[in-house]
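In what follows, a structure is listed as structure tokens, so that the remarks can point back to it.
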Amino acid sequence: MSIGAIWAQTPGAVIGRDGAMPWRLPEDLRRFASITAGHAVVMGRRTWDSLPSGFRPLPGRLNLVQTRQTDWSAPGAKAVFTVDDAVARVGGRDLWVIGGRAVFDLWLERAVRVEMTVVDLEVPGDTFAPTLDPSMWQVVSSDPPGGWHTAANGTRYRFDSLRRHDPV
Ligand SMILES: NC(=O)c1ccc[n+]([C@@H]2O[C@H](COP(=O)([O-])OP(=O)(O)OC[C@H]3O[C@@H](n4cnc5c(N)ncnc54)[C@H](OP(=O)(O)O)[C@@H]3O)[C@@H](O)[C@H]2O)c1
């Protein structure tokens, strides 16, 4: 089992505003679907709530929703209350931590990779990506290797893949 985290952020680290992502970027959603397909995903209950009802549970993936509400339930999702509880439910599958910030904070110390989409927008936000310690997290590839892709709607974006290298 391997644990990774995946998110999209602006250069200013915004990941959300008013319970949603403050941009529209189908190219990022397609990459998210391709990376997480067939695996388990864990998300915070607020992120679950942010998914349009037609898009949840995320198809083809085990959907774990982290909550403190012992009576929480939703069709197609499994409630988990702790990180260990979630790990126990995943079995041997790979697990992607898909946000939001509260859940990234709970899981990042267990993650070995981060897939980050950088969305080249300056937008206000109320939820921010965690700061990755550069002595521990290194970008191993960027797509494109330099500069940006330009989405059909004109938004510029880049995919960065990071790996954890624990200091010895
Ligand atoms: N840009 C991106 O890639 C991306 C990805 C995901 C989300 N987002 C955005 O991020 C925002 C949501 O993030 P968020 O940080 O506010 O919320 P979140 O992490 O999605 O969910 C928070 C919820 O998780 C549960 N939780 C938190 N700590 C817990 C713990 N220690 N044990 C058990 N359960 C715990 C609680 O659920 P209960 O209240 O039910 O107890 C809490 O309310 C939205 O704007 C969303 O659109 C952006």
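Being crowded, with 19+ Cβ neighbours inside 10 Å and near the ligand (Cβ under 9 Å from one of its atoms) is a description that does not apply to Gly4. Taken over segment 131-168, residues that are basic (Lys, Arg) and closer than 23 Å to Val14 by Cβ amount to 2. Met43 passes every criterion in (1) in contact (Cβ under 8 Å) with a residue 60 or more places away in the chain; (2) exposed (fewer than 13 other Cβ atoms within 10 Å of the Cβ) apart from (2). Give me the residue from segment 125-150 that is assigned to a loop (DSSP other than H, G, I, E, B) and within 17 Å of the chain's Cα centre (by Cα) and, out of that set, farthest from Val103 (Cα to Cα). Here the residue is Gly125.
Each value in this text was obtained by applying a stated rule to the coordinates, not by laboratory testing. For clarity, every value in this text was computed on a predicted model and none was experimentally measured. No Cβ is skipped: glycine too gets one built from the backbone with ideal geometry, and neighbour counts run over all protein chains shown.
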